Amino acid sequence: MIERIKQIGYLLESSARDLAPIVIVVAFFQVVVLRQPLPDLDGIIVGLICVVIGLALFVQGLELALFPLGENMAEGLARKGNLLWLLAFAYALGFGTTVAEPALIAIAEEAGKVASNAGFIEPGEDARRTYAFWLRFTVANAVGLSLVIGVFRILKGWPIRYLIIGGYLIVVALTFLAPPEIVGIAYDSGGVTTSTITVPLVTALGVGLSSMIRGRNPLTDGFGLIAFASLLPVVFVLIYGMVI
């Protein structure tokens with residue numbers, strides 16, 4: 001019990017320390033540059049306390065659940081020795097975590113509104129919802145496929161640098177071909193896919209899989225899946241913009 005209390009105290013202390021630079025920067029510009037008192041100071045203090053507690057609980061949840069779950073699934077499928085199931089799991093993990101990503105949902109809805117107002121798509125609520133849905137579906141499929149490629153890379157031992165360089169060359173080429181209205185959305189789509197839900201499970205998948213395969217190093221082979229998860233959505237959304 002005492003050890004558990006110490007661990008909780010350490011997590012709260014670490015969260016407060018991680019949050020301190022942001023608080024210092026905001027306070028400095030508010031007081032020194034703007035020379036205005038902080039609005040609703042009591043509410044801000046309560047909010048900061050909630051953020052510290054929430055961040056500590058989130059980190060603890062990753063350590064207790066998401067990281068072990070992802071590693072155990074990867075190790076179990078690798079031990080089973082069925083490549084089809086392993087690749088299917090990688091695709092389903094990428095698709096499922098991305099389509100549920102709150103940041104992607106938000107940016108897809110906002111992109112639908114802006115595209116409708118700009119005349120890029122037909123006006124109306126149905127058109128905006130359809131555009132947002134297919135944008136999310138496109139990004140989720142891209143992340144699923146990126147994990148399949150990433151898992152295949154781990155299995156084959158391919159150098160990651162060649163795949164990343166080749167992928168970004170494709171991105172640059174498509175940027176010149178795609179409509180200007182979709183370019184910014186495509187680049188942002190690559191960023192929002194790697195957020196709170198996706199990153200822990202994808203990282204655990206790579207580390208767990210590389211730990212189970214003889215001749216693979218979890219440090220050099222286990223990481224890099226996040227890079228694919230950020231790269232392919234840009235390619236897919238650029239193509240999506242060209243198609244519609």
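The values are calculated or read from the model by the stated rules, or taken from the named source; none is laboratory data. It should be emphasised that the depicted structure is a prediction, and the values quoted were computed from it without experimental measurement. Cβ sites come from the backbone with ideal geometry, for glycine too, and all protein chains shown count toward neighbours. Just the protein is used for accessible areas: all its heavy atoms, side chains included, with ligands, DNA and RNA removed. Shrake-Rupley method; radii C 1.70, N 1.55, O 1.52, S 1.80 Å.
Of note:
- When the solvent-accessible area of the range 11-100 is split by element, carbon and sulfur atoms take up 75 percent of it, the probe being 1.4 Å.
- In the range 44-152, trypsin sites (Lys or Arg not before Pro) in a DSSP loop with at most 13 other beta-carbon atoms within 10 Å: none
- Computed label-point distance, nm, for sites V172 and V114 using a 7 Å Cα→Cβ extension: 2.5
- Shape category assigned to the chain from the gyration tensor of Cα positions, a/c cut at 1.5: oblate
- Probe 1.4 Å, protein heavy atoms only - accessible area per residue of the chain in square angstrom: 57
- Per DSSP, loop trypsin sites (Lys or Arg not before Pro) in the range 145-220 with at most 12 further Cβ within 10 Å: R214
- Charged side chains reduced to their Cβ positions (Lys and Arg at +1, Asp and Glu at -1) give the range 39-128 a dipole of some 460 debye around its Cα centre.
- Averaging Cα coordinates gives a centre for the range 126-157 and one for the range 170-244; these two points are 8 Å apart.
- Here the range 110-221 is assigned +1 on the Cβ of each Lys and Arg and -1 on the Cβ of each Asp and Glu. Its dipole about the Cα centre then comes out at about 620 debye.
- Length gained when the stretch W134-V59 is fully extended (0.36 nm per residue, less Cα-Cα span): 23.8 nm
- Length-normalised contact order for the chain - Cα pairs under 8 Å, 6+ apart - percent: 25
- Using a simple spin-label model with pseudo-atoms 7 Å out from Cα toward Cβ, N82 and R214 lie 2.3 nm apart.
- Helix-derived mean residue ellipticity, 222 nm - over the chain, DSSP H n ≥ 4, -39500 (n - 2.57), to 500: -27000 deg cm²/dmol
- Of A106, A142, A20, the residue with the greatest mean-square motion in the GNM of the chain, using alpha carbon springs below 10 Å, is A20.
- For q = 0.09, 0.19 Å⁻¹, Debye-computed log10 I/I(0) when each Cα of the range 76-200 counts as one equal scatterer: -0.31, -1.10
- Histogram of C-alpha separations across the range 102-171, 10 Å bin width, %: 19, 33, 25, 18, 5
- Pairs of alpha carbons in the range 154-240 whose separation is greater than 21 Å (percent): 39
- Taking the 1.4 Å solvent-accessible surface of the range 121-169 as the whole, the part contributed by carbon and sulfur is 66%.
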